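The values are calculated or read from the model by the stated rules, or taken from the named source; none is laboratory data. Worth saying up front: this structure is predicted, and the values here are computed from it rather than measured. Note that we place each Cβ from the backbone using ideal geometry, even for glycine, and neighbour counts take in every protein chain shown.
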């Protein structure tokens, strides 16, 4: 005799369990879930949201790397240290500073957006 089958030969009775940490937890959202909060500021739609660096903040500049094509907002102190420790400036180029990129940390030609 199979222990899962009752002696009468019928189907075993299935008990309904309340299991909030089991399968139902995957498909239901708890009532106490906190709402998602976004940071305050101007909301930019579409492409502008992906490729914008945000509003200008005092004491910062935007460094654009020609190697990794990443725009990074960094402080003036950080840029000053990068410019003083092994950099070259060629004013006739689009990317005119040979310096260590704040994003990929490799020496690349970078553009410093002083007014961005």
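Miscellaneous remarks
- Within the stretch 84-106, the set of residues being surrounded by fewer than 15 Cβ atoms within 10 Å (Cβ to Cβ) and outside any loop (DSSP other than H, G, I, E, B) comprises 84, 88, 89.
- Test: residue in the stretch 39-53 that is surrounded by 10 or more Cβ atoms within 10 Å (Cβ to Cβ), modelled with pLDDT under 90 and in contact with a strand residue (DSSP E or B) (Cβ under 7 Å, 6 or more places away or on another chain): yes
- Close contacts from the stretch 74-90, counting a first residue that is farther than 13 Å from residue 102 by Cα and a second that is outside any strand (DSSP E or B), with Cβ to Cβ under 7 Å and a gap of 6+ residues or different chains, come to 89/96; 90/96.
- Residues in the stretch 94-116 that are under 22 Å from the mean Cα position of the chain (by Cα) and more than 14 Å from residue 83 (Cα to Cα): 103, 104, 116.
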